[in-house]
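In what follows, a structure is listed as structure tokens, so that the remarks can point back to it.
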Amino acid sequence: MDEVNRFGGRVTSRDGTPIAYERYGEGDGPPLVLVGGPPGAAGGRALAGLLARRIPVVAYDRRGHGGAGREIEDLAAVLAAAGPGAAVHGTGTGGVLALAAAAAGLPVGPVSVYEPPPLDAPLGRISARVLVVDGGSSPAETRRAARALAASLPRARHRTLTGQTHEVAPHVLAPVLVEFLTECAEIVAEERGFPGTA
């Protein structure tokens with residue numbers, strides 16, 4: 001695997017908690033912020049490395065406690081450091097946080113989630129384009145929930161990754177995310193009157 005540029009930094013959340021992050025890759029476009037599943041775990045390095053070959057990526061350490069409101073503030077601080085138009089991807093509970101942040105009005109670009117558990121958030125408030133992904137070998141209940149989530153969001157679509165479980169392979173997920181973000185960038189460019197650019 002080719003090495004990608006990586007550097008670390010810190011931001012301060014609203015309550016004064018320092019949040020560590022790593023930025024991968026280079027590029028002028030908006031980055032993708034990765035929101036990992038279990039709080040307190042950096043995770044996602046393999047996925048970040050694969051994605052960073054095509055797009056800039058920011059991964060950060062979630063706090064181990066503090067509640068959903070504090071975690072939304074943490075993500076807000078990371079998004080501010082990432083820059084305008086940053087997309088967000090969350091896996092598992094990270095997906096819940098990504099959607100809750102979008103519903104709370106954080107300035108997010110496109111949002112993608114992989115098998116988030118059920119969430120209690122005003123989904124109708126989410127104006128971002130959303131991709132809901134599940135694994136073809138995940139339990140039927142998980143897959144039904146993913147389809148239902150996509151159907152409940154104003155601008156969402158659903159995709160199943162054949163043969164994947166909740167522990168999705170980074171090399172399978174990465175190209176799906178890049179494709180989604182590329183399509184979103186093309187749509188935005190067309191809406192702004194620049195057809196054929198991304």
Exclusive hit being outside any loop (DSSP other than H, G, I, E, B), surrounded by 15 or more Cβ atoms within 10 Å (Cβ to Cβ) and touching a Ser or Thr at 6+ places or on another chain (Cβ under 6 Å), set Leu149, Leu131: Leu131
When (1) within 14 Å of Pro170 (Cα to Cα); (2) open to solvent by 10 Å² or more (accessible area, probe 1.4 Å) are applied to Gly69, the one that fails is (1)
Before we move on, is Ala98 assigned to a helix (DSSP H, G or I), open to solvent by 10 Å² or more (accessible area, probe 1.4 Å) and at pLDDT 95 or above? no
Can you tell me how many residues within region 1-52 are among the hydrophobic types (A, V, I, L, M, F, W, C) and either assigned to a loop (DSSP other than H, G, I, E, B) or modelled with pLDDT under 90 (or both)? 7
Any idea how many residues of region 83-95 are part of a helix (DSSP H, G or I) and surrounded by fewer than 24 Cβ atoms within 10 Å (Cβ to Cβ)? 1
Give me the residue from region 111-127 that is open to solvent by 30 Å² or more (accessible area, probe 1.4 Å) and part of a loop (DSSP other than H, G, I, E, B) and, out of that set, nearest to Glu167 (Cα to Cα). Pro117
Residues of region 152-184 being more than 15 Å from the chain's Cα centre (by Cα) and in a helix (DSSP H, G or I), which ones? Ser152, His171, Val172, Glu183
With respect to Glu167, is the statement that it is open to solvent by 60 Å² or more (accessible area, probe 1.4 Å) and closer than 17 Å to Gly44 by Cβ true? yes
Filter region 157-180 down to residues that are closer than 27 Å to Gly29 by Cα, touching a residue at least 12 places away in the same chain (Cβ under 8 Å) and out of contact with any strand residue (DSSP E or B) (no Cβ under 7 Å at 6 or more places or on another chain), then give me how many there are. 4
Provide a single number: the residues in region 152-164 that are open to solvent by less than 40 Å² (accessible area, probe 1.4 Å) and closer than 27 Å to Pro122 by Cβ. 2
Where the second residue is of a type in the set (Lys, Arg) and the first is surrounded by 20 or more Cβ atoms within 10 Å (Cβ to Cβ) and lies in region 14-32, which pairs have Cβ atoms under 6 Å and are six or more apart or on separate chains? Tyr24/Arg6
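The values are calculated or read from the model by the stated rules, or taken from the named source; none is laboratory data. Nothing here was measured: the structure is a model prediction, and the numbers come from that model. We place every Cβ from the backbone using ideal geometry, glycine too, and count neighbours over all the protein chains shown. Note: areas computed on protein heavy atoms with side chains; ligands, DNA, RNA excluded. Shrake-Rupley method; radii C 1.70, N 1.55, O 1.52, S 1.80 Å.
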